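A.B. asks: After the structure tokens below, expect a handful of questions from me.
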Amino acid sequence: MKEPLRITVTGAAGQIGYAMLFRIASGEMLGVDQPVTLQLLEIPQAMNALDGVVMELQDCAFPLLQRVVSTSRPEEAFSGADFVLLVGARPRGPGMERKDLLEANGAIFTGQGKAINDHASKNVRVLVVGNPANTNCLITLQNARDLQPEQFSSMTILDHNRAVAQLAGKTGVHVDAVHDLAVWGNHSSTMFPELLSAKVGSTPALELVDFEWYRDKFIPAVQQRGAEIIRARGSSSAASAANAAIQHMRLWSLGTTTVTSMGTVSCGEYDITEGIVYSFPVTCRAGKIDIDTSRKLDDFCVERLRLTEKELLEERDAIKHLL
Ligand code: NAX
């Protein structure tokens with residue numbers, strides 16, 4: 001039997017948390033031979049709801065689940081953590097400007113970055129899901145001074161999966177046939193789902209779809225998919241987001257077989273400003289995220305890459321006092 005690994009989930013009583021914890025405990029994230037301890041963080045007002053979630057976890061009698069810790073104290077939640085999923089965040093309230101949202105979340109992720117630095121395993125891997133995810137990730141890694149920036153990533157695999165599904169639907173193939181697609185930049189309406197390198201089977205995607213569909217239908221559909229789900233469901237995507245977070249951590253720790261998309265700190269790849277957290281095409285091996293630097297980009301792509309970079313630079317400017 002392997003030693004249990006400690007997995008921290010923040011916002012554990014929220015809707016993504018609820019869709020995620022049972023799958024992690026059943027082995028879908030780290031494998032069916034890997035015992036886990038769940039360390040769940042919530043704000044004090046949500047501890048009652050979290051107690052209910054813990055009871056349900058107990059009632060599943062999961063063979064891999066060694067222990068569940070539920071707490072509102074970050075130092076306890078991050079203690080010895082091997083994997084951290086930062087899901088809890090302040091939602092945008094009525095009349096709240098983007099700047100206010102950045103500020104409110106800035107305070108949360110500053111504190112959590114410091115607590116991760118001081119209490120988690122030195123080899124911890126941290127995924128930021130809570131929005132604005134890229135900039136929250138930047139704040140977290142900047143406040144975890146003793147850890148490496150490569151230990152932090154933000155989630156865009158949900159956007160990647162949405163793009164794969166749209167292209168597969170349009171070309172009438174199963175999602176398995178779509179390869180080498182990538183989502184670039186910010187997890188926001190400026191993200192750029194790119195098809196120039198994408199293939200359907202062995203055929204370049206842009207030989208199968210019109211450029212007008214790509215520009216005017218596909219890109220906006222992926223960018224606006226979250227809002228479309230809110231309109232239909234009355235609340236934001238939860239099961240697909242939880243699925244993406246589990247997939248992100250599994251690929252990061254166990255490795256990829258094809259290119260996917262993850263937010264990671266830029267070292268100037270594709271001339272993207274160094275130090276910001278930007279979604280790139282990536283592969284993972286031996287627990288490391290490697291940016292695929294081999295892509296050819298045309299003017300259309302470069303313009304889109306710049307647009308979403310500009311938004312991230314504005315976000316960074318708005319919270320620069322926290323870095
Ligand atoms: P919910 O509002 O259902 O749950 C959030 C939970 O976080 C709540 O239970 C709340 O009490 C808790 N929380 C708030 N502040 C906290 C803190 N300081 N420490 C610990 N817990 C705290 O939201 P949910 O639908 O679960 O979404 C969570 C976050 O994911 C949101 O920020 C959302 O915008 C973001 N998303 C990100 C996605 C991505 O692709 N990166 C997609 C899905 C999702 O929209």
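The values are calculated or read from the model by the stated rules, or taken from the named source; none is laboratory data. Since the structure is predicted, the reported quantities are computational estimates derived from the model, not experimental observations. Every residue, glycine among them, receives a Cβ derived from its backbone with ideal geometry; neighbour counts consider all protein chains shown. SASA here: full protein model, heavy atoms, side chains in, ligands and nucleic acids out. Shrake-Rupley method; radii C 1.70, N 1.55, O 1.52, S 1.80 Å.
A.B. asks: I'd like the Karplus ³J(HN,Hα) series for the stretch 112-118: coefficients 6.51, -1.76, 1.60, θ = phi - 60°, whole numbers in Hz, and an x wherever there's a Gly or Pro.
C.D. replies: 6, x, 5, 5, 5, 3, 7
A.B. asks: Working with all protein chains in place, sort 248, 187 by solvent-accessible area computed with a 1.4 Å probe, largest first.
C.D. replies: My answer, sorted largest first, is 187, 248.
A.B. asks: By a straight-distance test (C-alpha under 27 Å), which lysines pair with residue 2 as possible cross-link partners, with residues fewer than eight away in the same chain excluded?
C.D. replies: Those lysines meeting the cut-off are 122, 288.
A.B. asks: Just add up the charged neighbours of residue 265: K/R +1, D/E -1, any other residue whose Cβ is under 11 Å from the Cβ of residue 265.
C.D. replies: -3
A.B. asks: Mind checking which lysines have their Cα closer than 30 Å to the Cα of residue 217? Skip sequence neighbours fewer than 8 apart in that chain.
C.D. replies: 99, 170, 199, 296, 310
A.B. asks: A further question on this structure: Keeping every protein chain in place, order 184, 213 by accessible area at 1.4 Å, biggest value first, i.e. largest first.
C.D. replies: 213, 184
A.B. asks: For residue 76 and residue 165, compute 0.36 nm times the residue count separating them, minus their Cα-Cα distance, and round to one decimal in nm.
C.D. replies: 28.1 nm
A.B. asks: What ranking, highest mean first, results for peptides 171-180, 28-37 when packing means the other Cβ atoms within 10 Å averaged over each residue?
C.D. replies: Top of the packing list down: 28-37, 171-180.
A.B. asks: Another question about this same structure. Which value, in Å³ per residue, describes the convex hull spanned by the Cα atoms of the stretch 11-143?
C.D. replies: 101 Å³
A.B. asks: If you don't mind, another one. Given the -39500 (n - 2.57) contribution per DSSP H run of 4+ residues, what per-residue ellipticity at 222 nm results for the chain, rounded to the nearest 500 deg cm²/dmol?
C.D. replies: Only helices count here, giving -12500 deg cm²/dmol.
A.B. asks: Separate question: How high is the FRET efficiency between residue 317 and residue 271 when r is their beta carbon distance and R₀ equals 30 Å, given to the nearest 0.05?
C.D. replies: 0.95
A.B. asks: Antiparallel DSSP bridges in the stretch 1-129: what percent, to the nearest 5?
C.D. replies: Within the stretch 1-129, antiparallel bridges account for around 0 percent of the total.
A.B. asks: Taking the radius of gyration and the Kirkwood hydrodynamic radius from Cα positions alone, what is the Rg/Rh ratio for the stretch 170-232, to two decimal places?
C.D. replies: Rg/Rh: 0.98.
A.B. asks: At 0.36 nm per residue, and after removing the present C-alpha to C-alpha distance, how many nm does the segment from residue 174 to residue 202 gain when stretched out fully?
C.D. replies: Additional length available on full extension: 8.7 nm.
A.B. asks: When Lys and Arg each count +1 and Asp and Glu each count -1, what net charge do the other residues less than 13 Å away from residue 296, Cβ to Cβ, add up to?
C.D. replies: For residues surrounding residue 296, the net value is -4.
A.B. asks: Another question, then. Give, in whole angstrom and from largest to smallest, the semi-axes √(5λ) of the equivalent ellipsoid of the stretch 185-323, with λ running over the eigenvalues of the Cα gyration tensor.
C.D. replies: Over the Cα atoms of the stretch 185-323, the ellipsoid semi-axes are 22, 21, 19 Å.
A.B. asks: Related question: Taking all protein chains in place and a 1.4 Å probe, what share, in percent, of the accessible surface of the chain do carbon and sulfur account for?
C.D. replies: Here carbon and sulfur together make up 50 percent of the probe-accessible area.
A.B. asks: Moving to a separate point now. Find how many whole Å separate the alpha carbon centroid of the stretch 194-230 from the alpha carbon centroid of the stretch 3-72.
C.D. replies: The distance from the Cα centre of the stretch 3-72 to that of the stretch 194-230 comes to 36 Å.
A.B. asks: Are there any trypsin sites (Lys or Arg not before Pro) in the stretch 219-323 that are in a DSSP loop and have at most 12 other Cβ atoms within 10 Å? List them by number.
C.D. replies: Those that pass, being in a loop and sparsely packed, are 296.
A.B. asks: So what are the three principal axis dimensions of the stretch 71-171 from its Cα atoms, in whole Å, longest to shortest?
C.D. replies: Per principal axis, max minus min of the Cα coordinates gives 49, 36, 24 Å.
A.B. asks: Work through the residues other than residue 72 whose Cβ is under 13 Å from its Cβ and net out their charges, Lys, Arg +1 and Asp, Glu -1.
C.D. replies: In short, -3.
A.B. asks: Charges at C-beta only: +1 for Lys and Arg, -1 for Asp and Glu. How large is the resulting dipole of the chain about its Cα centre, in Debye rounded to 20?
C.D. replies: The dipole magnitude comes to about 340 debye.
A.B. asks: Using θ = phi - 60° and the Karplus relation 6.51 cos²θ - 1.76 cosθ + 1.60, list the HN-Hα couplings for the stretch 32-45 in order, rounded to whole Hz, with x at every Gly or Pro.
C.D. replies: 7, 10, 10, x, 9, 10, 9, 10, 9, 10, 9, 7, x, 5
A.B. asks: Tell me the relative contact order for the stretch 1-155 as a rounded percent, counting alpha carbon contacts under 8 Å between residues six or more apart.
C.D. replies: Dividing the mean separation by the residue count of the stretch 1-155 yields 22 percent.
A.B. asks: Right, something else. What is the diffusion coefficient of the chain in µm²/s, taking the Kirkwood radius over Cα pairs and the Stokes-Einstein relation at 25 °C with a viscosity of 0.890 mPa s?
C.D. replies: Calculated translational D: 123 µm²/s.
A.B. asks: So what are the ³J(HN,Hα) numbers for the stretch 192-207, from phi and the Karplus equation (6.51, -1.76, 1.60; θ = phi - 60°), rounded to whole Hz, Gly and Pro as x?
C.D. replies: Going residue by residue, I get 10, x, 9, 10, 4, 9, 6, 10, 10, x, 9, 9, x, 4, 6, 7 Hz, with x marking Gly and Pro.
A.B. asks: Skipping prolines and chain starts, which residues have an amide H placed within reach, meaning under 5 Å, of the one on residue 152, given they are 5 or more residues away or on another chain?
C.D. replies: 126
A.B. asks: What accessible surface, in Å², does a 1.4 Å probe find on residue 118, ignoring ligands, DNA and RNA and rounding to the nearest 10?
C.D. replies: Result for residue 118: roughly 100 Å² accessible.
A.B. asks: Would you please name the GluC sites (Glu not before Pro) within the stretch 273-311 that are DSSP coil residues with at most 15 other C-beta atoms within 10 Å of their C-beta?
C.D. replies: 274
A.B. asks: Would you mind working out the accessible area per residue for the stretch 66-208, using a 1.4 Å probe, and quoting it in Å²?
C.D. replies: It amounts to 39 Å² per residue over the stretch 66-208.
A.B. asks: Further question on the same structure: Applying 1/(1 + (r/R0)^6) with R0 = 25 Å to the Cβ-Cβ distance of residue 67 and residue 256, what FRET efficiency is obtained, to the nearest 0.05?
C.D. replies: About 0.25, to the nearest 0.05.
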